[in-house]
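Read the structure below first, then the notes.
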Amino acid sequence: MAPFLPIFTFHTLDDRSSVISFSPEVFRRGMARLHERGYRTISLPEAVEFLHQRLPFPERSLVLTFDDGYQTIYDVALPTLQRYGMSATVFITVGKKRTARASGQLPPLGQHSMLSWEMIREMRRHAIIFGAHTLTHPDLTRLPFEQAKSEIVDSKAMLEDVLSAPVTCFAYPYGRYNHPLRELIRQHFVCACSDQFGLITSKNDLFALERVDACYFRKDRLFGMTSTRLFPWYVRTRRIPISIRRAVQRSLRRVSEEVPAA
């Protein structure tokens with residue numbers, strides 16, 4: 001049994017230079033390598049159950065998550081995951097309009113193509129789990145509380161209506177949250193993912209789960225490290241500068257909000 005578990009975060013699988021892009025070929029080779037070395041995925045709800053019971057995680061296990069709902073999850077990730085018997089949780093931004101029972105696509109984020117509702121239904125039939133990621137992907141910490149509540153609660157309701165199933169997992173847009181938001185999430189979900197970089201352990205906060213952003217593993221050499229003993233060491237060393245940079249960014253945001261407009 002293992003004392004820690006990685007929750008990997010991907011966004012879109014393409015060869016663009018965007019910070020949210022991850023090479024499809026590196027992804028395919030990485031999943032093949034993990035499969036060959038005896039690794040398996042467990043679902044995010046399964047991982048949460050281990051946390052609830054304060055049990056060690058299964059050896060050679062990991063959780064895969066995808067944020068936002070880009071079409072490459074269907075085109076690239078799904079066939080690869082099916083090939084190796086793997087699972088994933090997809091956090092989707094559903095949009096404001098309650099047209100979920102139609103066959104249209106999710107509202108665009110940037111210049112990337114998004115999943116359609118038909119794709120989402122098909123993926124669910126293949127054991128892909130879906131979580132909420134708000135209506136419009138705002139920084140929730142910058143919204144009035146009631147507006148943030150609507151973004152969270154309405155997105156959950158829309159997803160549950162489409163999938164005819166409970167939606168128990170949430171991911172904060174940009175990973176940002178505060179205490180009131182965390183408490184609101186706790187009332188409606190069993191877990192939530194943040195952008196804190198790290199491996200989860202039995203001591204993790206269920207409503208601020210740490211993840212390993214795949215953008216730091218874009219090369220074959222680095223992604224190959226995930227199945228070696230160097231992996232937890234690499235995550236710990238990367239965590240320090242990432243945490244410092246994000247702390248500085250939070251401080252700068254607070255200062256900018258406090259400075260009155262000219």
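Comparing Tyr174, Ser202, Ser113 along the charge dipole axis of the chain, the residue lying farthest to the positive side is Ser202, per the Cβ-charge model. Note on segment 148-183 and segment 1-58: Cα centroid distance 22 Å, given to the nearest whole angstrom.
For segment 7-229, the dipole from Cβ point charges (+1 on Lys and Arg, -1 on Asp and Glu) about the Cα centre works out to 360 debye, to the nearest 20. Two tests apply to each whole DSSP H helix in the chain, Cα reach of 20 Å or more along its axis and mean Kyte-Doolittle hydropathy of at least -0.5, and the ones passing both are 145-163.
The residues Met86, Met114, Met1, when put in order of fewest to most other Cβ atoms within 10 Å, stand as Met1, Met86, Met114. Among the trypsin sites (Lys or Arg not before Pro) within segment 1-101, those in coil by DSSP and having at most 11 neighbouring Cβ atoms inside 10 Å are Arg54, Lys97, Arg101. For Phe66, the amide hydrogen comes within under 5 Å of the amide hydrogens of Phe10, Thr89, Val90, Phe91, counting only partners 5 or more places away or on other chains and with H modelled in the peptide plane. I want to check a number: in segment 7-229, how many lysine pairs have alpha carbons closer than 21 Å, given a sequence separation of 8 or more or different chains? Pairs that pass both the separation and distance tests number 4. Restricting segment 135-175 to GluC sites (Glu not before Pro) that sit in a DSSP loop and have at most 15 other Cβ atoms within 10 Å of their own Cβ leaves nothing. Neighbours of Leu206, meaning other residues whose beta-carbon lies under 12 angstrom from its beta-carbon, give a summed charge of +1 when Lys and Arg score +1 and Asp and Glu score -1.
Per the Debye formula on identical point scatterers at the alpha carbon atoms of segment 48-169, with no solvent, log10 I(q)/I(0) at q = 0.11, 0.16, 0.18 Å⁻¹ is -0.41, -0.82, -0.99.
Under 5 Å from the amide H of Gln71 lie the amide H atoms of Ser113, Met114, Leu115, each residue being 5 or more positions distant or on a separate chain, with H modelled from the backbone and absent for Pro and chain starts. For Arg221, neighbours were defined as the other residues whose beta-carbon sits under 15 Å from its Cβ, and their charges (Lys and Arg +1, Asp and Glu -1) total +3. By how many nm would the segment from His52 to Ala165 lengthen if fully extended, with 0.36 nm per residue of separation less the alpha-carbon distance? Between His52 and Ala165, full extension yields an extra 38.5 nm.
Quick note: the coordinates plus some simple rules give every number you see, no bench work behind them. Small disclaimer: the values here were computed from a predicted structure and weren't measured. Methodologically, a virtual Cβ is constructed for each residue, glycine included, from the backbone with ideal geometry; neighbour enumeration extends over all protein chains shown.
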